[in-house]
Amino acid sequence: MHDNLTQQIFGALDRFRIELPSWGFADTGTRFGVFRQPAAAVTLDEKFADAGQIHALTGACPTVALHVQWDLPGGAADAPAVERAATAAGVRPGAINPNFFQDQAYKSGSLGNPDPAIRARAVRHGLDSIAAMHALGSRDLSCWFADGSNYPGSASIRARKHWFDEGLRALHDALAGDQRLLVEYKPFEPAFYHTDIGDWGMALLFARAAGPRARVLVDTGHHYQGQNIEQIVAWLLAEDMLGGFHFNDRRYADDDLTMGSIDPYQAFRIFHEIRFFEWDTGTTADIAYMVDQSHNLKGKIEAMIQTVVTAQALYAKAALVDLDTLVRAQAAADIVRAETCLQDAFAIDVRPAIREWRRSHGLPDDPLDAFRQSGYLARITRERAERRDVASASLGSGF
Ligand code: PSV
Ligand code: MN
């Protein structure tokens, strides 16, 4: 490969970091069932250990996103245990995700609940999550809300908007230093008639109203079919309101499939818009790249390695778009030439250069193969099965 291209790929990979989700290592499923995996992580130490393996093999995942209720139910009081688990695994805690869902109290919503006591409870949970961020040195409070309604007329959409404004502002005002509030949108599920933050425009308005530390989080799975996600990305960048991503791929809805498995060109186009923006403005966009996938059928660690390797390759390809030619072609309305700039970069086989980059960083050429050779999966499968046997034996004795 041309030296210049290799250099661009090296530069891109040196910059690119992607955060893993703790929940991607635990048993999860669909509402039709959970297929349990013997190696699935149960404890926080196990989740961090699995994420640490991926970082050790790829060099690209130094942080792990946490969900408060699943990972640190004691909030800030759990911070020392979280720190210990993260340090032992060679990674750091990343974004903190409050659980504004699940609790029975949130049946009719959290920040949008018609009951002021439940709204106050949701705000308290958010503030407790922020206290945990302070204790852990986390930067982003990553907020997704299950709030919405299922039947026309059953909720005051305007009143709920107002309550969300109030609640998000209260959370925003508890942040300090360079901390940020990320507002995630989703047009469906678990509510199906309306969701309180249904699209990027609503998230943008809420983030603007919350204050200067708030930004929008784009989960690639949270869009209707055929939506032009890279246009949303370009607009948010232009408005200085893009805070981060939850990457995954999807076929129909929020399927959480492996990034790039269905439509790698879409992720490439998103990365291209970001690079194009950075090139145009001479700035580096302040974006938290995160994965939001929990694999039900694939091996969880393998699928996550596949994700990271794919993300690196697509990010590297986007770095190869010839932007000078693209800009000239756009200015001349040369549609085919402009389109070809993207297609040509996408078609380049970046794998040899990425292997070289890995070698130069003391990383294995092929992280997935290295993982398969490492014996890690066999060891955790054995250890975690033993732990489960002990747990069920002691449970059994109690009955
Ligand atoms: C909701 O569908 C979501 O995308 C949110 O980001 C949550 O934090 C995550 O999935 C895990 O439930
Ligand atoms: Mn998400």
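Values in this text are rule-based calculations from the coordinates and carry no lab data. Since the structure is predicted, the reported quantities are computational estimates derived from the model, not experimental observations. Please note: Cβ atoms are built from the backbone with ideal geometry, for glycine as well, and neighbour counts cover all protein chains shown.
Report the Cα centroid-to-centroid distance between segment 30-61 and segment 199-247 in angstrom, as an integer.
Here the answer is 28 Å between Cα centres.
On a straight-distance basis, which lysines could pair with K47 in a cross-link, Cα separation under 25 angstrom, same-chain partners fewer than 8 positions away excluded?
K298, K300
Kindly provide the helix-only [θ] at 222 nm of the chain, computed as the sum of -39,500 (n - 2.57) over DSSP H runs of four or more divided by all residues, to the nearest 500 deg cm²/dmol?
My calculation for the chain gives -16000 deg cm²/dmol from helical runs alone.
How many nm is it between the label spots at V390 and Q343, if each spot is 7 Å from the Cα in line with the beta carbon?
Distance between the two pseudo-spin positions: 6.0 nm.
For every other residue with a beta carbon closer than 12 angstrom to the beta carbon of A81, add +1 if it is Lys or Arg and -1 if Asp or Glu, then tell me the sum.
Cβ neighbours under 12 Å give a net charge of -3.
How do 120-130, 271-281 rank on mean C-beta neighbours within 10 Å, highest first?
Ranking, from highest mean packing down: 120-130, 271-281.
Under the definition of Cα pairs under 8 Å and six or more residues apart, what whole-number percent is the relative contact order of the chain?
17
Grab the other residues whose beta carbon is less than 10 angstrom from that of L141, score K and R as +1, D and E as -1, and report the net.
+2
Can you compute the FRET efficiency between R169 and Q330 using 1/(1 + (r/R0)^6), with r the Cβ-Cβ distance and R0 = 30 Å? Round to the nearest 0.05.
Efficiency at R0 = 30 Å is approximately 0.15.
In the chain, which whole DSSP H runs stretch at least 24 Å along their own axis (Cα) and average -1.0 or higher on the Kyte-Doolittle scale?
Span-like helices in the chain: 116-136, 264-281, 300-318, 376-397.
What FRET efficiency would be calculated for the residue pair A120, Y151, taking the C-beta separation as r and a Förster radius of 22 Å, to the nearest 0.05?
0.30
Under the classification rounded if a/c is under 1.5, otherwise prolate if a/b is larger than b/c and oblate if not, where does segment 41-85 fall, given a ≥ b ≥ c as square roots of the Cα gyration tensor eigenvalues?
prolate
Over the chain, how many percent of alpha carbon pairs lie in each 10 Å bin up to the one with the longest distance?
Over the chain, the share of Cα pairs per 10 Å bin runs 5, 21, 31, 26, 13, 3, 0, 0 percent.
Report the Cα centroid-to-centroid distance between segment 288-338 and segment 68-85 in angstrom, as an integer.
34
Output the peptides 52-59, 75-82, 173-180 sorted from most to least packed, where packing is the average of other Cβ atoms within 10 Å over each peptide's residues.
52-59, 75-82, 173-180
How much length, in nm to one decimal, is gained on full extension between S108 and F32, taken as 0.36 nm per residue of separation minus their Cα-Cα distance?
25.1 nm
Report the calculated FRET efficiency for R208 and R372 (r = Cβ-Cβ distance, R0 = 56 Å), to the nearest 0.05.
Approximately 0.75, to the nearest 0.05.
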